[in-house]
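Report on the following structure.
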Amino acid sequence: MIIARSPLRVSFFGGGTDYPEHFLKDGGAVLATAIDKYLYVTASPFLSRLFDYSIRLSYRNVELVRRHHEIEHRVFRECLKLCDLEKDIELQTMADLPAFTGLGSSSSFTVALLHALHSFKGEFLTPHEVACEAIHVERHLLHENVGCQDQVIAAFGGFNLVEFRSERDFEVQRIPVTPDCLGRLERHLLLVFTGIKRKASDVAAGQLAKRSRNAGTLREMREMVYRGFDILTSGRRLHNFGELLHHAWLAKHSLDGGISNPEIDELYERGRKAGAIGGKLLGAGGGGFMLFFVPPAARPKLQKAFRNWQTLDVRLNAPGSQIIFS
């Protein structure tokens, strides 16, 4: 048995500029981190000659199929075809958190699955190769409206500034934060689940249709990446990081009406009134987790304000996709 594990992610700045529709014209950059919540894929040999099917898949459903084209789960189907695995394999997936919640779980799954399949075949891929292959699967085989940061963070892990020039040409720069600074940043963060699940590709479609109109705002959002990097690495007060998150949320909010709704806006204002300096909705928008940046002294008040919602603490700078058992 092979077990692959890929992290979920929190994106602080630059989301939306990681789409080729934008960065091929104006350049793209994100400041994001892998977190200590993971998605797992197991791959095991399967003796198909003893059964009347050749591949067994287990996720929310169970599929028992003879050939690729019979597989209903699109990601399993395309990744198995890409890796030229036609039979004698059993695959299962598990996750620490639900899908469609703004933490990059779809891409984390694709990365973990590809990592597991190549390892099953005895093949080694670098993080860059895994990320590029996952981008290819999602954008060109599945034709999803997805950016490129989620696959990169899932493959590389860490706390990074990533600059995009093309789908295969990107630079991953580790953010040189001290353990003390990283710990203080973690103590300022709280995730609140809005209770709304949505497919990022559907939300992103409206934003991509307005890319030309929003080009100036997207360039401004890209510049916030470097401002955030400077705050973390220059010894400036973390309070500034929270204020920048607030400005980033206002900019993202303006891109398209589908990013937020009255319920999400009310949650954000509830957090601000309870002491949060800033925050943002994670992922493409429309639902999922909301991230708040709150001084530790005000944290109890914020938690009380969201006592009827699911909240989550996370650790940053988690490792990238790994084979944790073979």
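FYI, it's all coordinate maths here, none of it is from the lab. Please read all numbers here as calculations on a predicted model, not as lab measurements. All Cβ positions, even for glycine, are placed from backbone atoms using ideal geometry, and neighbour counts span all protein chains on display.
Compared with the dominant Cα axis of the chain, that is its longest principal axis, helix 127-136 is turned about 80°. Between region 158-176 and region 126-153, what is the C-alpha centre distance in whole Å? Centre-to-centre distance over Cα atoms comes out at 14 Å. Below 8 Å between Cα atoms, with a sequence gap of 6+, how large is the relative contact order for region 179-312 in percent? Relative contact order here is 39 percent. Using only side-chain charges placed at the Cβ, +1 for Lys and Arg and -1 for Asp and Glu, the dipole size of region 240-284 relative to its Cα centre rounds to 140 debye. With the alpha-carbon atoms of region 234-326 aligned to their principal axes, the span from lowest to highest coordinate is 48, 34, 33 Å, starting with the largest.
Let me know the shape class of the chain, please: from the alpha-carbon gyration tensor, a ≥ b ≥ c as square roots of the eigenvalues, rounded when a/c is under 1.5, otherwise prolate if a/b is greater than b/c, or oblate. Here the chain falls in the prolate category. What is region 179-312 by shape, rounded, prolate or oblate, if you read a ≥ b ≥ c off the alpha carbon gyration tensor as root eigenvalues and call it rounded for a/c under 1.5, prolate for a/b larger than b/c, and oblate otherwise? Oblate, since a/c reaches 1.5 and b/c is not below a/b. Between residue 141 and residue 67, take the C-beta separation as r, use R0 = 22 Å, and let me know the FRET efficiency to the nearest 0.05. So, using R0 = 22 Å, E works out to roughly 0.80. Loop-located trypsin sites (Lys or Arg not before Pro) in region 217-326 (DSSP state other than H, G, I, E, B) with a sparse environment of at most 15 neighbouring Cβ atoms within 10 Å: 236, 237, 307, 315.
The gain in end-to-end length when the residue 312 to residue 230 segment is fully stretched comes to 26.8 nm, 0.36 nm per residue minus the alpha carbon separation.
Rounded to 0.05, the FRET efficiency of the residue 217 and residue 25 pair, given R0 = 25 Å and the Cβ-Cβ distance, is 0.95. Placing unit charges on the Cβ atoms only, positive for Lys and Arg and negative for Asp and Glu, gives the chain a dipole magnitude near 940 debye about its Cα centre. Which FRET efficiency value, to the nearest 0.05, is calculated for residue 47 and residue 266 with the Förster distance at 56 angstrom and r the Cβ-Cβ distance? Result of the calculation: an efficiency of 0.50. Once you reduce region 71-93 and region 289-326 to the center of their Cα atoms, the two points are 33 Å from each other. Cross-link partners of residue 37 among aspartates and glutamates, defined as those whose alpha carbon lies under 15 angstrom from its own and excluding same-chain residues fewer than eight positions apart: 96, 150, 186, 313. Restricting attention to region 179-312, lysine pairs at least eight places apart or on different chains and with alpha-carbon atoms under 22 angstrom apart total 13.
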